[in-house]
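The values are calculated or read from the model by the stated rules, or taken from the named source; none is laboratory data. Note that this is a predicted model, so its numbers are computed, not measured. Methodologically, a virtual Cβ is constructed for each residue, glycine included, from the backbone with ideal geometry; neighbour enumeration extends over all protein chains shown. Surface areas here come from the heavy atoms of the whole protein model, side chains and all, with no ligands, DNA or RNA. Shrake-Rupley method; radii C 1.70, N 1.55, O 1.52, S 1.80 Å.
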Amino acid sequence: MLEHIKSVGVVGSGLMGLGIAQVVATAGFPVTLCDISEEAVNRGYQQISKQLAKDVAKGKKEQATVDQILGNIVTTCDYGKLADVDMVFEAVFEKMEVKKDLYTKLDAICKPACIFATNTSGLSITEIASVTKRCDKVVGTHFFNPVPVMKLLELVRGYDTSDETFQIALEMGAKIGKETISVKEAPLFCVNRILVPMINEAMFVFAEGIASAEDIDTGMMLGANHPIGPLALADLVGLDTLLLVMQTLYQETCDSKYRPCPLLVQLVRAGHFGRKTGQGIYKYD
Ligand code: CAA
Ligand code: NAD
């Protein structure tokens with residue numbers, strides 16, 4: 001099935017989109033990376049280039065390989081450039097209205113056979129697909145941050161996702177070196193349903209003064225063998241994204257156990273989104 005996929009679009013060149021563009025280009029696909037502004041898309045490309053330069057410095061990649069990967073990526077703000085791609089990975093803001101608006105546009109621009117793969121952290125694939133005339137070709141491909149490092153790709157079926165589309169997603173996952181798991185559609189799917197409430201709970205523990213941020217993180221690293229603590233992870237994910245994801249779980253289930261921690265809400269209101277703004281739970285240079 002994957003032989004039908006010869007070129008790929010990535011929409012959104014933020015934290016996740018740039019990582020997706022990097023792994024897809026590394027697997028040899030020509031990638032068109034698209035964002036709303038020249039500034040955003042150039043920043044994304046520069047980040048990829050910086051990350052690959054680190055790999056060369058560490059002796060993990062040859063310069064020639066890096067040149068080839070970067071040569072596979074073109075950047076644009078013009079969605080029209082996606083007219084001929086065979087598969088689009090979407091990684092724009094975690095807001096249903098933003099995604100629906102984008103998919104309405106993409107549906108009009110992209111050829112009918114093009115597959116739409118959303119990297120949503122937990123929104124309904126079925127609802128995203130509903131604004132297109134190709135509900136069978138829309139699938140959830142949920143990557144993990146940082147994309148080049150994290151092995152998992154969580155695949156999610158919408159109500160109308162066809163077996164063929166799902167098979168292409170499975171084969172694409174293998175081609176770009178990810179282990180896939182297959183998950184039914186449900187708020188936050190599988191991994192985030194478990195992980196995000198845990199991070200939210202860590203915020204409550206911190207906000208209630210039960211332990212310092214450092215001790216909470218050390219506790220979970222040494223006591224539960226997590227690679228980084230939940231508060232450092234919140235800053236890595238982005239508190240803005242994390243809040244949107246937690247709100248989805250709360251709104252979809254109407255279960256008070258999923259209410260976002262007020263400190264998380266307050267930090268987002270203050271514009272402290274974590275690493276990407278230089279301040280979240282922790283401060284960064
Ligand atoms: N891009 C590419 N590579 C990166 C990277 C990035 N952004 N960040 C780190 N790396 C690489 C480094 O180059 C390094 O590679 P080598 O070992 O080959 O030299 C390796 O990762 C380790 O990096 P560091 O030594 O700098 O730091 P670390 O040991 O603390 O590891 C980490 C960094 C891999 C991010 C690690 O802290 C970790 O695994 N954290 C947990 C990540 C996690 O749980 N992600 C899931 C978030 S939830 C999600 O994604 C879903 C959602 O919808 C919100
Ligand atoms: P981000 O804020 O870093 O990047 C989002 C990018 O999308 C920005 O560059 C923005 O300019 C761009 N964008 C917004 N609207 C657009 C549009 N209409 N057309 C083109 N570009 C547009 O966010 P992120 O962390 O990369 O998250 C992106 C998606 O990936 C979200 O759905 C999020 O839930 C999901 N996700 C995030 C993580 C994480 O750890 N941050 C992990 C897995 C999945």
**Item:** Carbon/sulfur fraction of accessible area - the range 137-233, other protein chains in place, 1.4 Å, %
**Value:** 58
**Asked** Using the Kirkwood radius built from alpha carbon pairs, what does the Stokes-Einstein equation give as D for the range 109-194 at 4 °C and 1.567 mPa s, in µm² per second?
**Response** 100
**Request:** Heads up, I need the accessible area for residue 182: 1.4 angstrom probe, whole protein in place, Å², nearest 10.
**Result:** 80
**Request:** Answer rounded, prolate or oblate for the range 43-201, using the Cα gyration tensor with square roots of eigenvalues a ≥ b ≥ c: rounded when a/c is under 1.5, else prolate when a/b is larger than b/c, else oblate.
**Result:** oblate
**Asked** Taking only the alpha-carbon positions of the chain and ignoring solvent, what does the Debye formula give for the base-10 log of I(q)/I(0) at q = 0.11, 0.15, 0.16, 0.17 Å⁻¹?
**Response** -0.65, -1.19, -1.32, -1.45
**Item:** Within the chain, longest stretch free of exposed trypsin sites (Lys or Arg not before Pro) [DSSP loop, at most 11 other beta carbons within 10 Å]
**Value:** 185-285
**Fill in**
Note on the range 191-285: alpha-carbon gyration tensor, axes a ≥ b ≥ c; rule is a/c under 1.5 for rounded, else prolate if a/b larger than b/c, else oblate; result oblate
**Prompt:** Using the Kirkwood radius built from alpha carbon pairs, what does the Stokes-Einstein equation give as D for the range 3-113 at 10 °C and 1.306 mPa s, in µm² per second?
**Reply:** 111
**Message:** Give the aspartates and glutamates whose C-alpha is closer than 20 Å to that of residue 50, dropping any in the same chain fewer than 8 places away, or say none.
**Reply:** 35, 38, 39, 62, 67, 285
**Message:** Under 8 Å for C-alpha pairs, at least 6 residues apart: give me the relative contact order for the chain, rounded to a whole percent.
**Reply:** 14
**Reach of residue 137 by Cα under 28 Å, taken over lysines that are not fewer than 8 positions away in the same chain** = 6, 81, 95, 99, 100, 105, 111, 151, 175, 178, 184
**Request:** Could you tally the net charge around residue 105, taking each other residue with its Cβ under 12 Å from the Cβ of residue 105, Lys/Arg +1 and Asp/Glu -1?
**Result:** -2
**Request:** Just the number, please: Stokes-Einstein D of the range 107-159 in µm²/s, Kirkwood Rh from C-alpha pairs, 4 °C, 1.567 mPa s.
**Result:** 110
